[in-house]
Amino acid sequence: MRSPLQVVFHGMDHSDHVTSRINEEFEKLERLNGHITDSRVTIESPHNHHNKGAPYDISININVPGDTLAVSSGGHNPAHDDINIAVRDAFAAMSRRLKEYSDRKTTHRG
């Protein structure tokens, strides 16, 4: 059963392309850990993004049994002027966080 995924856009219009990309990346997370109970991805475009070229901020929050994991692509990475790179980096960070969580759970069981 697919875990609920909420995608929220702030400071920009909804994008089917970005939502589709996020769904693809989320499916990879589900393969790492099938116990995701809730998830939210927030895409934030700074005010006047097109004029200043400020980076996108992608925040990912997921709930797993007994814990909440969160990451953000925030900061001043100039590569995050490209929304696709910001999404990729945020999901790579969440993938690492989820692997660490799964390893901790496995270690504590044994």
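The values are calculated or read from the model by the stated rules, or taken from the named source; none is laboratory data. Just so you know, these numbers come straight off a predicted model, no measurement behind them. Reconstructed Cβ throughout: ideal geometry from the backbone, glycine too, with neighbour counts over all protein chains shown.
Which of the residues that make up the stretch 2-32 are among the polar types (S, T, N, Q) and in a strand (DSSP E or B)?
GLN6
Filter the stretch 33-45 down to residues that are part of a strand (DSSP E or B) and more than 11 Å from the chain's Cα centre (by Cα) and give me whichever is surrounded by the most Cβ atoms within 10 Å (Cβ to Cβ).
Once the filter is applied, the top-ranked residue is GLU44.
Name the pairs whose Cβ atoms lie under 6 Å apart, with the first residue in the stretch 24-35 and closer than 10 Å to SER95 by Cα and in contact (Cβ under 8 Å) with a residue 12 or more places away in the chain, the second small (Gly, Ala, Ser) and surrounded by 13 or more Cβ atoms within 10 Å (Cβ to Cβ), and 6 or more positions between them or separate chains?
Sorted first by the residue in the stretch 24-35, then by its partner, the pairs are ASN33/SER102.
GLU30 is checked against (1) charged (D, E, K, R); (2) modelled with pLDDT of 90 or more; (3) loosely packed, with under 13 Cβ neighbours inside 10 Å and fails just one. What number does that condition carry?
GLU30 satisfies every listed condition except (3).
Can you find even one residue in the stretch 57-72 that is part of a loop (DSSP other than H, G, I, E, B), surrounded by 13 or more Cβ atoms within 10 Å (Cβ to Cβ) and at pLDDT below 95?
No: the stretch 57-72 contains no residue that is part of a loop (DSSP other than H, G, I, E, B), surrounded by 13 or more Cβ atoms within 10 Å (Cβ to Cβ) and at pLDDT below 95.
Restricting to the stretch 1-22, and then to whatever is at pLDDT 90 or above and over 21 Å from PRO55 (Cα atoms), can you tell me which residue is surrounded by the most Cβ atoms within 10 Å (Cβ to Cβ)?
Selected residue: LEU5.
What pairs come up if the first residue lies in the stretch 39-53 and is within 30 Å of ASP67 (Cα to Cα) and of a type in the set (Asp, Glu), the second is part of a loop (DSSP other than H, G, I, E, B) and at pLDDT 65 or above, and their beta carbons are under 9 Å apart, counting only those six or more places apart or on different chains?
Close Cβ pairs satisfying both conditions: GLU44/GLY11; GLU44/MET12; GLU44/TYR56; GLU44/GLY74.
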